[in-house]
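Enquirer: This structure is in structure tokens; I'll ask about it shortly.
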């Protein structure tokens, strides 16, 4: 698979509490996931009912099933399948095909349910015209013919498209009604502040000097001089920078003190470091960081306004999530085609609260890694099935977190993924990361902090060790600018190996030669470094005698491999160790409380039933009729009454 299976399973589980999980302003929008596409202004086109290719509404076309009385046609299904490549296997009689069908039908149910819920909201024609004008301008379709062609390619006319824009605007208006009146409390804000204190600090700043150039060659020349030892402040003054190019003064400068393309690399520099030439538009910059000023933690009063705004956004998203779920799982379904029944059983209950199969497949097939596998045709259904218990564990934990929050009256807020974050972190708030855990992770992952060695190598090979030693001594005392010619003049064989690294496996030379350069004892010789004499034994074939040669290697532009010390990378390792060790604490907490709540996991029964259903629906091979026997005629049933089912059955 694209990634290690255990890592992908962890991501799919959805119960991992991210340390970056403070409420984020993701906007007031419907989170329909993988098949939704934004038009403009936060409108989501995926929840407007699709048109047929002739511009008819779905209610006028033949309905395969109905959602709250509104029909879904074959054209709508085809359009949705065409709009997302992951649905390529939806018609394949397999567990994978059945999963994708559940996902596809669920999305259509959600679209229709939202459409019905917003049908009575009035939208002015002017608002529709303004939105269409904006869409045409944003998509460079102001030319009438281009606009007409673009609509036709998607099955619309100008009139029918405007109708759909009107429905979308109504849905957007409905969202505002759903979140109207939502406010954040001080208690909710204080909880976020206590759980994520490191997120509420002043920005990191630097005391720096900056030189701006209009010419790249002048910037390059100045940088070269500075690296050679020229005083930065004097160079800045000489190039027209006031006050020696000082930026920020003693209080330091944040990101906004530098041009957009300059701020990020500058703030990443360490004290005393000088940047490369940085380009921002037509200007060129060279910056030196003289001092780093660490972020200063804010008090709750200082951060309160910022947190209240984040919590309000989070609560609005939670309300929209609940609105969507109520519409989806409360929809009344009428099936007129058995092929498109919404197979969405309850796969678990937590204190009586249901978890549905649609939630599981949505999380599984929304994962980008899984989507890539599906689109490449490499998705193995048997492997995909192994992820489902992990995903369900995550969904169960999310329900459990909601139950715990209500029972303990915790002031948590937001969608289910944020509620579990807050509950989990609240119950592991005493977690402390030890220095030993950080050091242990560094030792385990030390290879990740190794900078590779490199050099341009020239090899001299001699028949005897004495010849090689003599050449090495002579070249060290009187190095030549042409190592290759020097080897030939000494009676050896020269080989120009070119640029090589300490981990080279190209086979250009023996591993002993690489080891003699990167890690061996070297002698400076002219512009390069000379290795010790290395004995190389080779066997040409099974019958030939062993061939022994002696080599000396000359390295130019040598950079030895270097592993960053613990002190150099401690902050990076600490962040990784904190994530890993805290996750262990969170896992332990949720496992410990499971026994206190009634949880019923039904996934195995559901998957077994699905496998049987798929096997039954798979085409059977039919034996040819005996010669002379006419095939049995089959009369299609007529007048079959539609069946009515709730969306959760």
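Enquirer: Given the residues 507, 491, which is the only one that is in contact (Cβ under 8 Å) with a residue 24 or more places away in the chain and not assigned by TED's automatic domain parsing to the domain that holds residue 393?
Expert: Values: 507 fails: in contact (Cβ under 8 Å) with a residue 24 or more places away in the chain.
Exactly one of 507, 491 is in contact (Cβ under 8 Å) with a residue 24 or more places away in the chain and not assigned by TED's automatic domain parsing to the domain that holds residue 393, namely 491.
Enquirer: I want to confirm something. Restricting to the range 381-425 and keeping residues that are in contact with a helix residue (DSSP H, G or I) (Cβ under 8 Å, 6 or more places away or on another chain) and not in a helix (DSSP H, G or I), which single residue is surrounded by the most Cβ atoms within 10 Å (Cβ to Cβ)?
Expert: Here the answer is 413.
Enquirer: Going through 612, 574 one at a time, which residue ends up being assigned to a helix (DSSP H, G or I), modelled with pLDDT of 90 or more and over 30 Å from residue 334 (Cβ atoms)? Spell out how you get there, then give the answer.
Expert: Working: 612 fails: over 30 Å from residue 334 (Cβ atoms).
Exactly one of 612, 574 is assigned to a helix (DSSP H, G or I), modelled with pLDDT of 90 or more and over 30 Å from residue 334 (Cβ atoms), namely 574.
Conditions (1) closer than 30 Å to residue 413 by Cβ; (2) touching a residue at least 40 places away in the same chain (Cβ under 8 Å), marked per residue:
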{"position": "139", "(1), (2)": "no, no"}
{"position": "164", "(1), (2)": "no, yes"}
{"position": "167", "(1), (2)": "no, yes"}
{"position": "174", "(1), (2)": "yes, yes"}
{"position": "189", "(1), (2)": "yes, yes"}
{"position": "211", "(1), (2)": "no, yes"}
{"position": "214", "(1), (2)": "no, yes"}
{"position": "224", "(1), (2)": "no, no"}
{"position": "230", "(1), (2)": "no, no"}
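Enquirer: I've got another one for you. So if I check each of 228, 184, 170, which one is surrounded by 14 or more Cβ atoms within 10 Å (Cβ to Cβ) and farther than 30 Å from residue 405 by Cβ?
Expert: On the way: 228 fails: surrounded by 14 or more Cβ atoms within 10 Å (Cβ to Cβ); 184 fails: farther than 30 Å from residue 405 by Cβ.
So the residue among 228, 184, 170 that is surrounded by 14 or more Cβ atoms within 10 Å (Cβ to Cβ) and farther than 30 Å from residue 405 by Cβ is 170.
Enquirer: With respect to residue 308, is the statement that it is surrounded by fewer than 21 Cβ atoms within 10 Å (Cβ to Cβ) and touching a residue at least 24 places away in the same chain (Cβ under 8 Å) true?
Expert: yes
Enquirer: Which ones in the range 482-519 are at pLDDT below 90 and under 17 Å from residue 560 (Cβ atoms)?
Expert: 503, 504, 519
Enquirer: Surrounded by fewer than 21 Cβ atoms within 10 Å (Cβ to Cβ) and either in contact with a helix residue (DSSP H, G or I) (Cβ under 8 Å, 6 or more places away or on another chain) or touching a residue at least 60 places away in the same chain (Cβ under 8 Å) (or both): does that describe residue 486?
Expert: yes
Enquirer: Turning to a different aspect of this structure: I'd like the full set of residues that are surrounded by fewer than 21 Cβ atoms within 10 Å (Cβ to Cβ) and either within 18 Å of residue 92 (Cβ to Cβ) or touching a residue at least 60 places away in the same chain (Cβ under 8 Å) (or both), limited to the range 348-361.
Expert: Scanning the range 348-361 gives 349, 351, 352, 354.
Enquirer: Against the conditions (1) surrounded by fewer than 19 Cβ atoms within 10 Å (Cβ to Cβ); (2) in a helix (DSSP H, G or I), where does residue 438 fall short? Just the number, please.
Expert: (1)
Enquirer: Let me spell it out: the conditions are (1) under 30 Å from residue 379 (Cβ atoms); (2) touching a strand residue (DSSP E or B) at 6+ places or on another chain (Cβ under 7 Å); (3) at pLDDT below 90, and residue 86 meets all of them except one. Which number is the exception?
Expert: (2)
Enquirer: Listed residues 567, 532, 557, 546; which is within 49 Å of the chain's Cα centre (by Cα), loosely packed, with under 13 Cβ neighbours inside 10 Å and over 30 Å from residue 444 (Cβ atoms)?
Expert: On inspection, the qualifying residue turns out to be 557.
Enquirer: Which of the following residues is outside any helix (DSSP H, G or I) and over 26 Å from the mean Cα position of the chain (by Cα): 98, 91?
Expert: 91
Enquirer: Then there is this: Name the one entry in 176, 137 that is surrounded by fewer than 17 Cβ atoms within 10 Å (Cβ to Cβ), within 20 Å of residue 325 (Cβ to Cβ), modelled with pLDDT under 95 and out of contact with any strand residue (DSSP E or B) (no Cβ under 7 Å at 6 or more places or on another chain).
Expert: It is 176.
The rows are residues; the columns are (1) surrounded by fewer than 18 Cβ atoms within 10 Å (Cβ to Cβ); (2) in contact (Cβ under 8 Å) with a residue 24 or more places away in the chain; (3) out of contact with any helix residue (DSSP H, G or I) (no Cβ under 6 Å at 6 or more places or on another chain).
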{"site": "243", "(1), (2), (3)": "yes, no, yes"}
{"site": "248", "(1), (2), (3)": "no, yes, no"}
{"site": "258", "(1), (2), (3)": "no, yes, no"}
{"site": "261", "(1), (2), (3)": "yes, no, yes"}
{"site": "265", "(1), (2), (3)": "yes, no, yes"}
{"site": "270", "(1), (2), (3)": "yes, no, yes"}
{"site": "282", "(1), (2), (3)": "yes, yes, yes"}
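The values are calculated or read from the model by the stated rules, or taken from the named source; none is laboratory data. Remember, predicted model here, so these are calculated numbers, not experimental data. Cβ atoms come from the backbone with ideal geometry, glycine included; neighbour counts cover every protein chain shown.
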